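For reference, the structure discussed in these notes is given below.
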Amino acid sequence: MPPPTLVNVPVDILRFNTCGSVDDGKSTLIGRLLYDSKSLMEDQIEALERSADITGGGQINLADLTDGLRAEREQGITIDVAYRYFATPRRKFIIADTPGHVQYTRNMVTGASTANLSIILVDARTGVIEQSRRHTAIASLLRIPHLVVAVNKMDLVGWSEERFFEIRAQFEEFLPRLDIKDVKFIPLSALNGDNVVDPSPHTPWYSGPTLLGHLETVHIASDWNLQGFRLPVQWVNRPNNPADPALHDFRGFSGQIAGGIVREGQKVLALPAGIVTTVKQIWTYDGMVGEAFCPQSVTLVLEHDIDVSRGSMIIGLEQRPGYSSDLQAEVCWMHTRPLQPGRKYFLKHTTHTVQVVVSELVTKLNMATLETEAGPAELAVNDIGEIRLRTAKPLVFDGYGTNRLTGSFILIEQGTNATVAAGMLRPPREIVKSENGDYVI
Amino acid sequence: MTSYHLDHLQHLETEAIHIMREVAGEFERPALLFSGGKDSICLLRLAEKAFRPSDIPMPLLNVDTGHHFPELNDFRDRRAKQLGARLIVRTVEDAIAKGIAQPSPGEISRNRLQIPTLLAAIEEFRFDCCIGGARRDEEKARAKERFFSFRDSFGQWDPKNQRPEIWNIYNGRLNPGENMRVFPLSNWTEMDVWQYIRRERLEVPSIYFSHTRKCVRRGGQWLPANHLVPPKPTEQVRDVVVRVRTIGDIISTGCVESPATSIDDIIAEIAAARVTERGSRADDKASEAAMEDRKKAGYF
């Protein structure tokens with residue numbers, strides 16, 4: 001047993017998701033990553049062997065590790081997003097395994113929305129198919145900073161360098177139309193473990209990293225937004241403790257910083273109140289701090305007693321957000337009842353829920369061509385399109401490209417309370433004007 | 001590396017605090033499930049971090065099966081008192097007496113009977129949300145769980161029809177009678193929990209540390225000797241130096257032989273472990289889908 005000081009605490013977290021169509025070997029790839037990085041325990045391996053005897057004819061099925069529901073094991077498919085965890089001395093990893101066949105958009109958006117990186121699996125035999133384009137388009141839409149194209153089953157094409165570069169060329173045909181900055185292509189075999197954790201002897205022509213090597217080293221430190229302070233207020237912290245004079249007048253605004261940095265003594269603007277005040281204290285359980293940054297959770301005490309409650313946003317005076325009830329956004333539609341113009345929903349944005357009406361369907365994305373089509377009649381389940389919305393109260397927001405946390409929302413169907421859409425806001429046409437903030441107490 | 005950097009525990013912490021505050025902001029009558037086990041100990045610290053200097057704005061709830069380790073209940077009561085929190089305990093014993101829970105003939109385990117007891121407590125106090133300490137790395141069915149896990153008016157989980165959960169925007173809307181289970185530790189692993197306990201210097205019940213206990217060897221593991229399932233004539237009771245890695249009922253919690261007497265020892269032991277935490281829980285070994293079936297019926 002190593003002495004305790006040798007147990008490493010990983011320095012950061014990388015969240016990634018895997019997508020591909022049925023039989024591309026996603027679950028096998030995850031199983032292989034866990035197996036070869038020694039993240040599996042003996043009882044898990046035993047359970048695998050037990051199920052192999054029953055259903056697999058003696059062959060261990062690494063996919064059994066992630067397919068946790070009975071129906072999934074019976075049908076040999078993945079139904080819902082499954083999360084897996086492993087750590088190396090460098091990093092902790094959170095994997096979202098997103099199924100590719102049914103409800104692909106819904107599942108992929110769920111699994112990828114918080115990801116730093118997406119792995120798109122491609123079967124080396126079939127190359128790029130519509131699903132590969134669709135998954136790449138969604139990764140681009142969600143602004144996932146890093147993409148890995150894992151060209152799997154290379155053993156079945158004789159480890160052909162030519163085939164690998166053919167597939168790479170197929171991708172590079174449509175990548176320029178998308179908003180993806182960092183793409184890595186890796187030839188591998190998940191089944192046999194080539195280039196997953198250990199370098200493959202079959203790819204002397206490939207000099208890049210293994211998949212795990214890449215996951216351990218890809219630069220993610222700058223994935224959080226440190227420009228433009230935003231604190232969506234979650235909860236007003238008012239101790240009901242008249243006996244303690246120190247707490248008698250305490251009124252703090254608790255939330256997770258969604259962008260930028262805040263410092264004690266800094267001027268801030270509270271919206272929608274439209275009042276400028278000063279940060280008196282930044283309170284945390286571990287004591288007062290001089291500054292705090294995204295994505296820390298803090299409680300702000302302000303100089304003046306102003307109207308701020310759940311759903312309000314406290315912002316810095318620089319880099320002002322938009323403030324409008326007329327919004328334009330890209331949405332992924334997730335429900336079998338289609339989106340039609342004129343319908344009302346609840347919209348939840350940061351900590352703020354408002355009623356909203358869909359005023360116009362502007363375009364719909366054609367997944368086969370990645371071209372937009374104007375004026376669709378509706379958006380059906382798994383469709384992606386651009387819409388206009390009118391909210392009952394104005395929203396304080398940023399474009400999704402600027403800030404994922406203040407630029408995103410969900411739509412909730414009234415009555416059933418089903419989550420029906422994920423939305424990404426277009427950059428604001430008008431920002432919060434200075435006269436909104438001229439009223440200083 | 002800039003100074004504006006959070007390590008992995010700080011990331012998990014701020015994610016969990018955000019979720020706790022969303023619960024306080026979105027629900028009328030939430031409760032926090034507190035057993036005194038290591039995961040719910042972390043939950044309580046996160047609640048302090050989320051809500052201090054105010055009181056934690058929800059009561060603590062525990063379903064007592066009557067088969068708990070006494071050390072655990074002592075710890076539970078003491079910790080709740082320290083925090084000035086309201087602790088509600090509902091017992092399976094009581095639920096059986098009132099006809100809420102019905103044991104099958106010869107059924108000794110209280111595992112299944114926790115479910116109706118919990119659902120009755122939810123109804124009694126009209127809780128619309130229960131925060132629990134479940135983690136996705138514990139078990140395959142839990143790996144499919146959302147942070148905000150919707151339960152219908154029968155308390156059931158429908159794994160094939162979960163609400164998509166996107167970014168950190170949680171849909172907490174309910175119709176009357178429906179319920180939400182919320183799991184702020186979803187992304188935590190067993191190792192993260194112990195590292196957090198070490199960082200926060202949290203007290204844990206003594207049974208997590210090495211002690212001498214009378215155990216019987218059964219099903220390949222050491223089970224605490226107890227009067228509920230007396231040893232068979234072929235089984236020997238022995239004094240063994242053990243600790244528990246995960247705490248369930250006294251009749252189903254396997255003890256692991258261990259010399260670990262400190263949190264550092266436990267962390268080193270887990271780092272070197274070759275079996276999972278739930279490997280020592282007989283209730284999960286029942287079948288491949290044991291957890292899934294219990295969750296569908298209303299288990300947390």
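Quick notes on this structure:
- Candidates A:I120, A:I94, A:I144, filtered to the one that is within 11 Å of chain B (Cβ to nearest Cβ), crowded, with 20+ Cβ neighbours inside 10 Å and modelled with pLDDT of 85 or more: A:I94
- The strands (runs of 3 or more DSSP E) found wholly in region B:13-95 and carrying at least 1 residues that are of a type in the set (K, R), in contact with a Ser or Thr (Cβ under 7 Å, 6 or more places away or on another chain) and over 24 Å from A:V308 (Cα atoms) occupy B:87-91.
- Meets criteria (over 30 Å from A:R143 (Cα atoms), in contact with an Asp or Glu (Cβ under 9 Å, 6 or more places away or on another chain), surrounded by fewer than 23 Cβ atoms within 10 Å (Cβ to Cβ) and not basic (K, R)) for A:N240: yes
- All strands (runs of 3 or more DSSP E) inside region A:169-238 with 1 or more residues being β-branched (V, I, T): A:182-187, A:235-237
- Scanning region A:247-262 for residues that are more than 9 Å from every other protein chain (Cβ to nearest Cβ) and in a helix (DSSP H, G or I) yields one hit, A:H248.
- Qualifying residue in region A:393-411 (condition: more than 14 Å from chain B (Cβ to nearest Cβ), more than 28 Å from B:R21 (Cβ to Cβ) and of a type in the set (K, R)): no
- Matching residues in region B:7-54 - criterion: being more than 12 Å from chain A (Cβ to nearest Cβ), among the charged types (D, E, K, R) and closer than 19 Å to B:C129 by Cα: B:E28, B:R29, B:D39
- Condition met for B:E28 (charged (D, E, K, R) and modelled with pLDDT of 95 or more): yes
- The set of residues in region B:227-249 being at pLDDT 85 or above and of a type outside the set (V, I, T) consists of B:P231, B:K232, B:P233, B:E235, B:Q236, B:R238, B:D239, B:R243, B:R245, B:G248, B:D249.
- Taking the listed residues A:A71, A:A87, the one that is over 13 Å from the mean Cα position of the chain (by Cα), surrounded by fewer than 23 Cβ atoms within 10 Å (Cβ to Cβ) and at pLDDT 85 or above is A:A87, with no other qualifying.
- Selection status of B:W188, under 22 Å from the mean Cα position of the chain (by Cα), buried (at least 19 other Cβ atoms within 10 Å of the Cβ) and within 30 Å of A:S408 (Cα to Cα): yes
- A:L379 vs. criteria buried (at least 18 other Cβ atoms within 10 Å of the Cβ) and either within 14 Å of another protein chain (Cβ to nearest Cβ) or in contact (Cβ under 8 Å) with a residue 60 or more places away in the chain (or both): no
- Hits in region A:91-135 (condition: closer than 26 Å to A:M154 by Cβ and in a loop (DSSP other than H, G, I, E, B)): A:T98, A:P99, A:G100, A:H101, A:A115, A:N116, A:A124, A:R125, A:T126, A:G127, A:V128, A:I129
- Residue-level analysis places B:P105 among those that are over 30 Å from A:I95 (Cα atoms) and free of Cβ contacts under 8 Å to residues at least 12 places away in the same chain.
- A:Q234, sole failed condition from (1) over 18 Å from A:S118 (Cα atoms); (2) free of Cβ contacts under 8 Å to residues at least 40 places away in the same chain: (2)
- Residue match in region A:254-272 (condition: modelled with pLDDT under 95 and either farther than 21 Å from A:T406 by Cα or in contact with a Cys (Cβ under 7 Å, 6 or more places away or on another chain) (or both)): no
- Candidates are the residues of region A:263-289 that are within 12 Å of chain B (Cβ to nearest Cβ) and assigned to a loop (DSSP other than H, G, I, E, B); the one that is surrounded by the most Cβ atoms within 10 Å (Cβ to Cβ) is A:Y285.
- Of all residues making up region B:40-59, the number that are in contact with an Asp or Glu (Cβ under 9 Å, 6 or more places away or on another chain) and either at pLDDT 95 or above or surrounded by 19 or more Cβ atoms within 10 Å (Cβ to Cβ) (or both): 6
- Candidate set from region A:19-38 (those that are within 14 Å of chain B (Cβ to nearest Cβ) and within 24 Å of the chain's Cα centre (by Cα)); member that is modelled with the lowest pLDDT: A:S27
The values are calculated or read from the model by the stated rules, or taken from the named source; none is laboratory data. Remember, predicted model here, so these are calculated numbers, not experimental data. When we count neighbours, we look across all protein chains shown, and the Cβ atoms used for this are built from the backbone with ideal geometry, even at glycine.
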